[in-house]
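Input: a single structure, listed below in structure tokens.
Just so you know, all these numbers are worked out from the coordinates, no wet-lab data involved. Not measured: the values here are computed from a predicted model. Positions of Cβ are backbone-derived with ideal geometry, glycine not excepted, and every protein chain shown enters the neighbour counts.
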Amino acid sequence: MKNFVLLLCLPLLALASVPSFHEGVKIQADGTDIDVGLIAEPFMVDWDGDGVTDLLVGQFAPGKISFYKNIGTNQVPEFTFSNYLQADGSDISLSAG
Ligand SMILES: [Ca+2]
């Protein structure tokens, strides 16, 4: 039975295409490249519920989460820095480790 499964998988692997990647682009907000330092953690989500996908970016130090509101469209996004995410009136700050 194992040989049968292997025979089915081999043709599928032969049909798999090699992935291709586009050159990376720098994302801008307010006309400048977004730079939150080392180990950025971007996440796309409609944070404010207006139907347009925004950008959240976590940063390593001091561990804040930046909210970049998409003032463009989902097809042609344009970001502006809005604020750091807060809880109880204070910026959320997550330490590493
Ligand atoms: Ca939004």
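Based on the convex hull around the alpha carbon atoms, region 26-91 presents an average projected area of 4.6 nm². The Cβ shell under 13 Å around residue 52 holds other residues with a net charge of -4, Lys and Arg each +1, Asp and Glu each -1. Counting beta carbons within 10 Å around each of 26, 64 and listing the fewest first gives the order 26, 64.
In terms of other Cβ atoms within 10 Å, 81, 43, 21, 67 run from fewest to most in the order 21, 43, 81, 67.
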